[in-house]
Amino acid sequence: MSLFAQLRKGSTEIAILRLLCERPMYGYEIAQELERRSEGYLAAQEGLLYPTLHRLEKDGLLAAEWRPGEGGPRRKYYRLTARGHQALAASLREWREFRERLTTLLEGGPCGSAEPLPG
């Protein structure tokens, strides 16, 4: 698995928390929003999405309830708990720090530019 595939996989949790901060959603809806908002870059696979949702629920960051589907089967809707909101806020602070430090490292110096190295 490439480094960037690992980073995408690792970002699933914070992305789910961020989406559910706006409103409750069911699994397939979360997958669609992840894909739509990331322009296909974060396509959530069932094998990753549902285990992550279940883990977040078990950890108390999400709560879930079954609701009737519109003309179809019931759907399990997930929403952030108070603990989930706190975890999202902490994760966003950590993400901003990580992004800033990594950008400084990667874009600094001669190897961080598009120009060829001298010599």
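Descriptive notes on the structure:
- 1 or more residues of a type in the set (G, A, S) and at pLDDT below 90: qualifying helices (runs of 4 or more DSSP H) within the stretch 14-119: 46-58
- Among all residues of the stretch 47-67, there is at least one that is out of contact with any strand residue (DSSP E or B) (no Cβ under 9 Å at 6 or more places or on another chain), surrounded by 13 or more Cβ atoms within 10 Å (Cβ to Cβ) and among the hydroxyl-bearing types (S, T, Y).
- Single match in L88, L92 (criterion: surrounded by 16 or more Cβ atoms within 10 Å (Cβ to Cβ) and either of a type in the set (S, T, Y) or on the phi < 0 side of the Ramachandran plot (or both)): L88
- The stretch 64-77 residues that are closer than 19 Å to L53 by Cβ, paired with ones that are at pLDDT 90 or above and hydrophobic (A, V, I, L, M, F, W, C) (beta carbon under 7 Å, 6 or more apart): R74/W66; K76/A64; K76/W66; Y77/M25; Y77/A64
The values are calculated or read from the model by the stated rules, or taken from the named source; none is laboratory data. On a predicted model such as this, the values are computed, not experimentally measured, just so you know. Reconstructed Cβ throughout: ideal geometry from the backbone, glycine too, with neighbour counts over all protein chains shown.
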